[in-house]
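Remarks on the structure that follows.
The values are calculated or read from the model by the stated rules, or taken from the named source; none is laboratory data. All of these numbers come straight from a predicted model, not from anything done at the bench. Cβ coordinates were reconstructed from backbone atoms using ideal geometry, including for glycine residues, and neighbour counts include every protein chain displayed. For accessibility, only protein heavy atoms count, side chains too; no ligands or nucleic acids. Shrake-Rupley method; radii C 1.70, N 1.55, O 1.52, S 1.80 Å.
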Amino acid sequence: MALRRMGWTVTVPESFRVNDRIVRMAQEQAGRLLRSAQWRADLTAGVLRTWPADPGRRTGEEWDAVRDAVRDAVPGGQHLPSNVIKGRTRQIAAFAQRHGRLSADVFELEAAPGAALMLLLSACDGQQATIERADTPGRALLRLQFPLRRHPRSYRD
């Protein structure tokens, strides 16, 4: 519902009738994917903004100052772990070594994120889906409720 408040919508062609809960599940999945991509893009932009002119001549103290500058450059990055910054820095350095230049953004560093072929059930409620432990270890019972008719008009359908 937060995605809807932000104006993000999943459009469905007029010829289809889709349960609102299914649309919410699609929005949830798209929102998670977009939020993850935005976070990676912000982190990469922060590291690139603070990239030193000659990284090979930096001392350990100077690199610590760069990490603090990255934390300031990334939105909400004040508590960003050093290993996340280090990993992104190494990724950018490897790109620079391979291509002889810094990357423009995260889209040059990483392939497009993959999306699951099935919708997440997190946006469902107990009326739409339930999951229970089965009698056998390592197994679960998933119950889904689908419409009984092609164009459902009420919950009864």
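Under 9 Å by Cβ, and 6 or more places apart or on different chains, what pairs join a residue from the range 145-157 that is surrounded by 10 or more Cβ atoms within 10 Å (Cβ to Cβ) with one that is assigned to a loop (DSSP other than H, G, I, E, B) and of a type in the set (S, T, N, Q)? Filtered contacts from the range 145-157: Q145/Q127; Q145/Q128; P147/N19; P152/N19. Do we find a residue being aromatic (F, W, Y), open to solvent by 60 Å² or more (accessible area, probe 1.4 Å) and at negative phi anywhere in the range 44-61? Scanning the range 44-61 turns up no residue that is aromatic (F, W, Y), open to solvent by 60 Å² or more (accessible area, probe 1.4 Å) and at negative phi.
For L33, indicate whether it is at pLDDT 75 or above, assigned to a loop (DSSP other than H, G, I, E, B) and not hydroxyl-bearing (S, T, Y). Judged against the criteria, L33 is not a match.
Checked against (1) open to solvent by 60 Å² or more (accessible area, probe 1.4 Å); (2) under 22 Å from E110 (Cβ atoms); (3) not in a helix (DSSP H, G or I), N83 meets all criteria but (3). Cβ separations smaller than 8 Å between residues 6+ apart or across chains give no pair from the range 95-116 residues that are in contact (Cβ under 8 Å) with a residue 40 or more places away in the chain and within 24 Å of D54 (Cβ to Cβ) to residues that are of a type in the set (K, R) and assigned to a loop (DSSP other than H, G, I, E, B). Does L102 fit the bill of being open to solvent by 60 Å² or more (accessible area, probe 1.4 Å), in contact with a helix residue (DSSP H, G or I) (Cβ under 6 Å, 6 or more places away or on another chain) and modelled with pLDDT of 80 or more? Yes; evaluated as a whole, the condition is true for this residue.
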